[in-house]
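Below is one structure, written out as structure tokens; comments come after it.
The values are calculated or read from the model by the stated rules, or taken from the named source; none is laboratory data. These numbers were taken from a predicted model, which means no experiment stands behind them. Neighbour counts are summed over all protein chains in view; Cβ atoms, including those assigned to glycine, are modelled from backbone coordinates with ideal geometry.
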Protein chains: 2
Amino acid sequence: MKSLENIRFVLVGTTHPGNIGAAARAMKTMGLTKLHLVEPLHYPNAEATARASGADDVLASAVVHQDLVSAITGCHQVYGMSARLRHLPISVVDPRQAVARIQQQADDSQVAILFGREHSGLSNEELDKCQHLINIPANPEYSSLNLAAAVQVFAYELKMSFAPSIEVGRVGEEREAINAEDLEHLYQHFEQSLTEIGFLDPENPKNLMRRLKRLFNRADLDKNELQILHGILRSAENNKGEQS
Amino acid sequence: MKSLENIRFVLVGTTHPGNIGAAARAMKTMGLTKLHLVEPLHYPNAEATARASGADDVLASAVVHQDLVSAITGCHQVYGMSARLRHLPISVVDPRQAVARIQQQADDSQVAILFGREHSGLSNEELDKCQHLINIPANPEYSSLNLAAAVQVFAYELKMSFAPSIEVGRVGEEREAINAEDLEHLYQHFEQSLTEIGFLDPENPKNLMRRLKRLFNRADLDKNELQILHGILRSAENNKGEQS
């Protein structure tokens, strides 16, 4: 990916409208313009506008969503900003590593960066939508970056890598990107097939689907791999099983 | 220089006390504690304290000076943060280059980073005290980073170089590592199962196994995930398939 155009910042459940304005300003200083808001507590709001300062155009074009799914529709990669290193089997990268990964994406990929609520961050269900967590290395005794400060740091890292550099070469074979709906569809197929072949007990599903989601969120699947997995599941469902 | 202990942030002529508090917070999140204030317009001040949030210790130990000279006494290097690229015969570096230079200093060096007034920055006399200017690369059409945002970005760069990441990787819940033989065994199981359920044609295997290996090599599986995959394959083999 060579342009910042396809990178959206998604603020989830922001409590203080001033932080939305400050985030818009932080984004614009680094040349980012795509702001999405999921269930902001107060918005539109005069304080948001005041804090946006000269970035009112970014604020004016912000898209407000009723839920996170609608905010990340069509996105090929979803990153979640996380202050706490949670006990989750999900890959954690620092901002610099995240930007390096984003640059390896195809030019027409859409990428979402999620920023959670001021006090509670992102919920577990929201984290389940993320392929990677981004952790800003911070003072372990005081890691509470203000929301706009976290936006500023990540926007700065993007700017440092995207704007000064000339051409960042993509490596490896052609991989056709998939998006969030494709993954959701794969997980539904897994759930249905594993129930059918008796591996998943709907009465007692335990954590199986969550574990599988984390595994495949991490794996950064391409289109071809997605089709292989669907094919395996179909064959498993249809297997007549000569032995037992 | 190996420690952040000898790096001081000097806010010169700050107008809004809230920005002093926000700067203290930004510093503390990155493990910086040495704050110096030159002729702040309003200080001490309740808004500064409020915006400092949990960084009131940094604020409480801030040293207030009547002039810049006293604030940089004893410093071996002085850097000035500058939003505008001025026509001055002075070297301009970006934050990353500045940090690299600072790290080359002797361990007992003292370094000052100057942050100017919100609207007018540093005066020419103040710039004359600096060996280097630091310019944060920004959107040429909107380069006005908030004072605390500039403090946050530079503090972050220092933190990234001096005390880098957490153990980046996956954190949290116990993940039991697997080894190359475990993976080999998984791939053999895939090959056998996929043949059995009719998805893999041994006469015409194409690239299927290679693709699956790439996918799961990339996924960094743990023991638990390995067992889930074996379990799915066993269930697929044994599936009696009520439908076809």
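For this structure, a couple of remarks:
- For region B:224-238, residues that are closer than 20 Å to A:ASP220 by Cα and either basic (Lys, Arg) or more than 32 Å from the chain's Cα centre (by Cα) (or both) total 3.
- A:GLU126 meets each of the listed conditions (1) part of a helix (DSSP H, G or I); (2) over 12 Å from the mean Cα position of the chain (by Cα); (3) farther than 26 Å from B:LEU158 by Cα apart from (2).
- From A:ALA219, A:ALA163, residue being of a type outside the set (Lys, Arg), surrounded by 14 or more Cβ atoms within 10 Å (Cβ to Cβ) and more than 18 Å from the chain's Cα centre (by Cα): A:ALA163
- Qualifying residue in region B:84-91 (condition: within 21 Å of B:ALA23 (Cα to Cα) and more than 10 Å from every other protein chain (Cβ to nearest Cβ)): yes
Residues are listed down the side, and each one gets a yes or a no for (1) touching a Ser or Thr at 6+ places or on another chain (Cβ under 9 Å); (2) at pLDDT below 90:
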residue	(1), (2)
B:GLU47	no, no
B:SER53	yes, yes
B:MET81	no, no
B:VAL92	yes, yes
B:SER109	no, yes
B:GLY116	yes, no
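- Residue satisfying condition, being crowded, with 17+ Cβ neighbours inside 10 Å and within 14 Å of another protein chain (Cβ to nearest Cβ), within set A:ALA55, A:ALA62: A:ALA55
- Leading residue by the ranking (nearest to B:GLU225 (Cα to Cα)) among those in region A:183-216 that are surrounded by 15 or more Cβ atoms within 10 Å (Cβ to Cβ) and among the acidic types (Asp, Glu): A:GLU191
- Selection within region B:230-242 - more than 7 Å from every other protein chain (Cβ to nearest Cβ) and surrounded by fewer than 19 Cβ atoms within 10 Å (Cβ to Cβ): B:HIS230, B:ARG234, B:GLU242
- Complete set of residues in region B:115-130 that are within 14 Å of another protein chain (Cβ to nearest Cβ) and closer than 18 Å to B:LEU35 by Cα: B:GLU118
Here's the yes/no breakdown for (1) facing chain B (nearest Cβ under 7 Å); (2) in a helix (DSSP H, G or I):
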{"residue": "A:ARG101", "(1), (2)": "no, yes"}
{"residue": "A:LEU133", "(1), (2)": "no, no"}
{"residue": "A:LEU145", "(1), (2)": "yes, no"}
{"residue": "A:MET160", "(1), (2)": "yes, yes"}
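Condition check ((1) assigned to a helix (DSSP H, G or I); (2) more than 16 Å from the chain's Cα centre (by Cα); (3) at pLDDT 95 or above; (4) within 14 Å of another protein chain (Cβ to nearest Cβ)) across all residues:
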residue: A:VAL10; (1), (2), (3), (4): no, no, yes, no
residue: A:THR14; (1), (2), (3), (4): no, yes, yes, no
residue: A:GLY21; (1), (2), (3), (4): yes, yes, yes, yes
residue: A:LEU37; (1), (2), (3), (4): no, no, yes, no
residue: A:PRO40; (1), (2), (3), (4): no, yes, yes, no
residue: A:SER70; (1), (2), (3), (4): yes, no, yes, no
residue: A:GLN97; (1), (2), (3), (4): yes, no, no, yes
residue: A:GLN105; (1), (2), (3), (4): no, no, no, no
residue: A:ILE113; (1), (2), (3), (4): no, no, yes, no
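- Reported count of residues in region A:166-182, each being exposed (fewer than 13 other Cβ atoms within 10 Å of the Cβ) and modelled with pLDDT under 80, is 7.
- Looking across B:ARG96, B:ARG101, one residue alone is basic (Lys, Arg) and without any contact (Cβ under 8 Å) to a residue 40 or more places away in the chain. It is B:ARG101.
- Test for B:ALA155: is it part of a helix (DSSP H, G or I), at the interface with another protein chain (Cβ under 8 Å from one of its Cβ atoms), modelled with pLDDT of 95 or more and surrounded by 16 or more Cβ atoms within 10 Å (Cβ to Cβ): no
- Selection within region A:78-132 - more than 14 Å from A:GLY13 (Cα to Cα) and charged (D, E, K, R): A:ARG84, A:ARG86, A:ASP94, A:ARG96, A:ARG101, A:ASP107, A:ASP108, A:ASP128, A:LYS129
- Inclusion of B:ILE197 among residues that are in contact (Cβ under 8 Å) with a residue 40 or more places away in the chain and facing another protein chain (nearest Cβ under 7 Å) is warranted.
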